[in-house]
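K.L.:
Here you go, one structure.
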Amino acid sequence: MPLIYCVEDDENIRELVGYALRSQDFEVETFSDSKEFWPALEKRTPALLLLDIMLPGESGNDILDKLRKTQQYKTLPVIMLTAKTSEYDIVRGLDGGADDYVCKPFGIVELISRIRAVLRRSGRQSTETNLYTYGPVSLDQEKHI
C-alpha cells in the first residue's frame, strides 16, 4: 500500500482526505504545516505528496520549489490541493513542478482517481515495502534499481 503525505492546514480537509485514502488501502500521514512535514520526509519518502498552497509559514509553492531543487525529491509526485483557482495559480503550480492540480472544493472520488493516475504514470503504484532509502540512496528490490 503506497504511502501518501498530505500537507493541509485545514483540519477538516486533512481528516477527510486521510479517512478516504485509508479506506482505499493507502497509508496516509497528514501534516498541518511544513514544520511537521520536513522531519517526516527525512525519515520516510512517500509515494506521493498532496500539497496545499496557502499554509502557515512556508507556502506550498515554496515547499514544491525546495523539493524540485533537491536531488532526492526531484521526482516525488506532487498534487497541489488548493483553493487558489485562477489560471495564473494553476499554471504556476504545474510549471513549478506539480504533477497535477486539484481545486477546492473537490470531489473525493475524483481526487482518489487522480492520485491513482499520478502513481501509475510515476511508476510508484507498487508497495513501499520493497523500497529502502538511506539519505540520498534508494534501493528498489522490485525493480532492481
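No lab work stands behind these numbers, since they all come straight from the coordinates. Since the structure is predicted, the reported quantities are computational estimates derived from the model, not experimental observations. Cβ placement follows ideal geometry from the backbone for every residue including glycine, while neighbour counts extend to all protein chains displayed.
K.L.:
Taking a quarter of the surface of the Cα convex hull of the stretch 3-140, what do you get in nm²?
P.N.:
Numbers: hull surface 30.6 nm².
The Cα convex hull of the stretch 3-140, projected and averaged over all directions, gives 7.6 nm².
K.L.:
List the trypsin sites (Lys or Arg not before Pro) within the stretch 47-145 that fall in a DSSP loop (any state other than H, G, I, E or B) and whose Cβ has at most 14 other Cβ atoms within 10 Å. Intermediate values should be presented prior to the final figure.
P.N.:
Details: sites: K66, R68, K69, K74, K84, R92, R114, R116, R120, R121, R124, K143; in loops: K74, K84, R124, K143.
Those that pass, being in a loop and sparsely packed, are K74, K143.
K.L.:
Taking only C-alpha pairs under 8 Å that are 6+ residues apart, what is the relative contact order of the chain in percent? Provide the component values of the computation, followed by the final result.
P.N.:
On the way: 217 pairs, mean separation 31.7, N = 145.
With pairs under 8 Å counted, the relative contact order is 22 percent.
K.L.:
What does DSSP give for the stretch 3-140 in terms of the percent of beta bridges that are antiparallel, rounded to the nearest 5? The partial results should precede the final answer.
P.N.:
Values: 4 of 20 bridges.
About 20 percent, rounded to the nearest 5.
K.L.:
Give a residue-ordered list of calculated ³J(HN,Hα) values for the stretch 44-59 (Karplus: 6.51 cos²θ - 1.76 cosθ + 1.60, θ = phi - 60°; whole Hz; x for Gly, Pro).
P.N.:
8, 8, x, 7, 7, 10, 9, 9, 7, 8, 8, 10, x, x, 7, 6
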